[in-house]
Amino acid sequence: MTDDAANAPGAPGAPPTWSSSEKDAVGTSHFSSRVWFTIGHGILNEVYWPRVDRPQVRDLGFIVADDDGFWSEVKRDASQDVRHLEPGVPAIVVTHSHPRYTLTLRICADDHADVIHIEARLTDLRDASDPGRLAHPLRLYPLLAPHLGFSGLHNSAWTGTYKGRAMLFARNGAAALALASDPGPVRQSVGYVGASDGWQDFATNGRMAWTYRTTEAGNVAGMTELVLADGVARLALGFGTRPEEAGLEACAALAGHFENAWDEYVGNWHGFLRTVSSPPSDVSEEDRALYLTSAAVLRTHADRTVPGAIVASLSIPWGNTRNDLGGYHLVWSRDLVESAGALVALGARRTARRTLAYLVATQEPDGSWVQNQWVDGIAYWSGVQLDEAAYPILLAGALRRGGAVEMHGMAGSDAAAFEHLLTEDALEHMIASAARFIARTGPATEQDRWEEDAGLTPSTLAPVVAALVVAADHSPEPAATYLLELADDWNASIEEWTYARGTRLSREHGVDGHYVRIASPQVLAGAPISTPVPVRNRPPESSMIPADEMVGTDFLALVRFGLRMANDPRILATLAVTDALLRTETPSGPVWHRYSGDGYGEHEDGSAFDGTGIGRGWPLLVGERGHYELEAGRDARPYLEAMRRMGSAGGMLPEQVWDAAPIPARGLVPGRPSGSAMPLAWAHAEYVKLLRSIALGHAIDRPAAAWHRYHGMAPTATRAPWRFTAPRPAMVAGRVLRLELLAAARVRYSVDGWQTWADIDARDTGVGVWVADVPGSDRLRPGAAVDFTAWWPEAGRWEGRNLRVTVSEAVDSGPSRSSSG
């Protein structure tokens, strides 16, 4: 297949990077093909194969030239118009407009083969009488940068043929690609990026002058020269485990008509749209379009080889500055459930059930899920986030319960459909295992939802409490009773752990206190809420911040999950503080930062996040605020519209938008996408759910079980839980001291300083926790104490130390009510 010729010079090439994360569109076949593509700056960016988490191409761009000194790289020199053929159909039409030419691209995936189709129409805008137009007609030069093996390193490329058809090849291990064209190339060349690639050829010579035929391993690229007799070219980018397979795929694609491939691709996406619930009739055309586009974006992020897996984003944040292995094309269980919830809201219930089956299959033996993973379940980052164990329970409960309250019109008969994907035993085991993990591990989380800190945060506690209530509905006794008691205890303690009073921030903003973004786990051992916590995306010298000096939008989860009312004085007080510190007005509408002091974003000068930076506004937080406004009885549509305006021209919603002064040189415009991930599946899910929630009148994903139990009010605390991981030094008078142990034990206790003592056996709750309620502890007066120790029968030993909890005066923790028991 390879012609013998001199290697290209300049090995191994410049350090590789991915393309910009600012995508115009994403797409894939809605049939059997295993390729996913992205569009950025009007050209093909990362292409994923054979799974949605495996990027294999950096980009495929174009140069237009006349072989007489004029040349233009279309993504830099031409203006671009990128659009979907229609909302919800990711058949992409790109028009590049330049004073000298117009280049129109139509891009889609093959429905039956691992191939990307591109039709290119080049129009020369010079006057027909211009002698140069005849003497030096415009030619098209596709530029391909493979990153096979999801890396820009160790790729090799060559010019060759398959069955007599000339094409470009590249390979890295068991991944290969081939780029074929019709008409066939006049000339081809491969080289090392930054040294001997096609762009360097034009930059050096003003025309294609190099025809290198092979490279060794490195960061490589290829270029072909196409002479277009009728102004039209077809390209087929094929993939395979061997070059011959990739060449076969590309040749077979070119043997068919482009229109047939295009029409079939569009037709299958029309079939998907017929399964999508129509948006409410009173939404604007713009919101209707983004609703359908979001449906397609979420479906595009789903893997086809491992059903149910959905990655967070088909992008690498600030990818044009790095060669990261992971990026966001990984599965986070939280993001996965957010996406699945939106798919259910869209009417795609079967896809959501597949997601639940995937979660069952990828659950760890201890009941947790890893921080994130490849679609095959192999961990990438191994941190543990308590909410990521809660969200699958909530999804299971919502799908099993059905009804408009939880998931907008899902019929109860759908529960029978679980048997086609998931047995009842498997589902019950997943719920029980996840609840057991939460009960044994909480209430503090190893990582918050922003994957940065350990501790206690409302954004974790809210879904965790709700999940315990849902799990109780699906648990036998005694587990059901204990899970409800645990939910009540943690719910009643949220303000004790995370609401700070009399702080500098509360005084400055005229309120009595506020929820903190996250409190140190040391609070469980009696440390003050002000105990410093680290901010891991800030320089080391400024990374430790007193917890009561840092607020975030996390507290809104308490309202969304039905644990607090929207008009709770503590919620309103925190709104005043966070709006003053985190809200930014942009031309697109208001946007909120994650938390004060956040360092995850571009630097002040607009340069890329490199481990530190300045956090920017998040559109998904606009959606979360919209859900809060809805619960408060106000119009949430302005927040829906703001989210839409923050998207790209192609309808992609970003992770962050720029919210400082414009920096034109870096393409940073207030209220418009920054260099973070785009599209973010979670943001699209939030948009879909907000649109549906507005029609429903409350948050569509509010767990009915939690709402029915709490109705937005904290339960009255009757117990004071103690565990070795949460060794409270004191308890409020009038409460029962509950000892929660992770193994069977006999507790020896005294309420009179060991003058007398008694033994009680801790009872098994059925979820891996043994509890002992100390008799008479609720009758002790302030100043008294409970002393205790434990005998561990399985180990055959005493604890070897005495422990003590003192009794203190009662404090006012705000509005509460008795739980329903």
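The values are calculated or read from the model by the stated rules, or taken from the named source; none is laboratory data. For clarity, every value in this text was computed on a predicted model and none was experimentally measured. Methodologically, a virtual Cβ is constructed for each residue, glycine included, from the backbone with ideal geometry; neighbour enumeration extends over all protein chains shown. Areas reflect the complete protein model, heavy atoms only, side chains present, ligands, DNA and RNA absent. Shrake-Rupley method; radii C 1.70, N 1.55, O 1.52, S 1.80 Å.
Could you go through region 236-258 and let me know if any residue there is free of Cβ contacts under 8 Å to residues at least 12 places away in the same chain, farther than 30 Å from Val337 by Cβ and charged (D, E, K, R). Taking every residue of region 236-258 in turn, none turns out to be free of Cβ contacts under 8 Å to residues at least 12 places away in the same chain, farther than 30 Å from Val337 by Cβ and charged (D, E, K, R).
Take the conditions (1) of a type in the set (Asp, Glu); (2) out of contact with any Ser or Thr (no Cβ under 6 Å at 6 or more places or on another chain); (3) not in a helix (DSSP H, G or I); Asp787 misses just one of them, which is (2). All of (1) open to solvent by 10 Å² or more (accessible area, probe 1.4 Å); (2) among the small types (Gly, Ala, Ser); (3) in a strand (DSSP E or B) hold for Gly132 with one exception: (3). When region 534-560 is filtered for residues that are of a type in the set (A, V, I, L, M, F, W, C) and within 23 Å of the chain's Cα centre (by Cα), the ones remaining, listed by number, are Val535, Val551, Phe555, Leu556, Ala557, Leu558, Val559. Selection of region 676-728 for residues being of a type in the set (Gly, Ala, Ser) and closer than 30 Å to Arg738 by Cα yields Ala704, Ala705, Ala706, Gly712, Ala714, Ala717, Ala720, Ala726. Summed over region 344-393, the residues that are in contact with a helix residue (DSSP H, G or I) (Cβ under 8 Å, 6 or more places away or on another chain), open to solvent by 20 Å² or more (accessible area, probe 1.4 Å) and assigned to a helix (DSSP H, G or I) give a count of 7.
Every condition in (1) closer than 25 Å to His711 by Cβ; (2) touching a Ser or Thr at 6+ places or on another chain (Cβ under 8 Å) holds for Glu549 except the one numbered (1).
In the set Gly667, Gly623, Gly633, only one residue is open to solvent by 10 Å² or more (accessible area, probe 1.4 Å) and closer than 17 Å to Phe561 by Cα; that residue is Gly633. Just one of the numbered conditions (1) open to solvent by 20 Å² or more (accessible area, probe 1.4 Å); (2) under 25 Å from the mean Cα position of the chain (by Cα); (3) acidic (Asp, Glu) is not true of Asp473: (2).
Taken over region 572-607, the criterion of being in contact with a Leu (Cβ under 8 Å, 6 or more places away or on another chain) and of a type in the set (Gly, Ala, Ser) is satisfied by Ser596, Gly606. If we scan region 713-723, do we find a residue that is surrounded by fewer than 12 Cβ atoms within 10 Å (Cβ to Cβ) and free of Cβ contacts under 8 Å to residues at least 40 places away in the same chain? No, because not a single residue in region 713-723 is surrounded by fewer than 12 Cβ atoms within 10 Å (Cβ to Cβ) and free of Cβ contacts under 8 Å to residues at least 40 places away in the same chain. Annotation note: of Arg560, Arg538, the sole residue that is over 30 Å from Lys689 (Cα atoms) and open to solvent by 10 Å² or more (accessible area, probe 1.4 Å) is Arg538.
Which one of these is touching a helix residue (DSSP H, G or I) at 6+ places or on another chain (Cβ under 8 Å) and of a type in the set (D, E, K, R): Arg723, Arg728?
Details: Arg723 fails: touching a helix residue (DSSP H, G or I) at 6+ places or on another chain (Cβ under 8 Å).
Of the residues listed, the single one that is touching a helix residue (DSSP H, G or I) at 6+ places or on another chain (Cβ under 8 Å) and of a type in the set (D, E, K, R) is Arg728.
Residues that are open to solvent by 50 Å² or more (accessible area, probe 1.4 Å) and out of contact with any Lys or Arg (no Cβ under 6 Å at 6 or more places or on another chain) number at least 1 in the following strands (runs of 3 or more DSSP E) confined to region 136-227: 139-146, 156-162, 165-172, 187-192.
Collect the residues in region 607-643 that are closer than 30 Å to Pro540 by Cβ and either in contact with a Cys (Cβ under 6 Å, 6 or more places away or on another chain) or among the aromatic types (Phe, Trp, Tyr) (or both), keeping them in residue-number order.
Our first condition is that a residue be closer than 30 Å to Pro540 by Cβ; within region 607-643, this holds for 607-618, 620-621.
Within region 607-643, Phe609, Trp618 qualify.
The set of residues from region 567-615 being basic (Lys, Arg), crowded, with 20+ Cβ neighbours inside 10 Å and within 24 Å of the chain's Cα centre (by Cα) comprises just one member, Arg594. Which pairs do you get when a residue that is without any contact (Cβ under 8 Å) to a residue 60 or more places away in the chain and assigned to a loop (DSSP other than H, G, I, E, B), found in region 323-334, comes within reach of a residue that is buried (at least 22 other Cβ atoms within 10 Å of the Cβ) and among the small types (Gly, Ala, Ser), reach meaning Cβ atoms under 8 angstrom, with the pair 6+ apart or on two chains? Here the result reads Trp332/Ala312, each pair linking region 323-334 to a residue that is buried (at least 22 other Cβ atoms within 10 Å of the Cβ) and among the small types (Gly, Ala, Ser).
Taking region 474-564 as the region of interest, the strands (runs of 3 or more DSSP E) fully inside it that hold 2 or more residues being among the hydrophobic types (A, V, I, L, M, F, W, C), in contact with a strand residue (DSSP E or B) (Cβ under 7 Å, 6 or more places away or on another chain) and in contact (Cβ under 8 Å) with a residue 12 or more places away in the chain are 544-546.
In the condition set (1) touching a residue at least 24 places away in the same chain (Cβ under 8 Å); (2) within 39 Å of the chain's Cα centre (by Cα), Pro185 is compliant with all but (2).
Of the residues in region 213-235, none is under 30 Å from Trp682 (Cα atoms) and either of a type outside the set (D, E, K, R) or modelled with pLDDT of 95 or more (or both).
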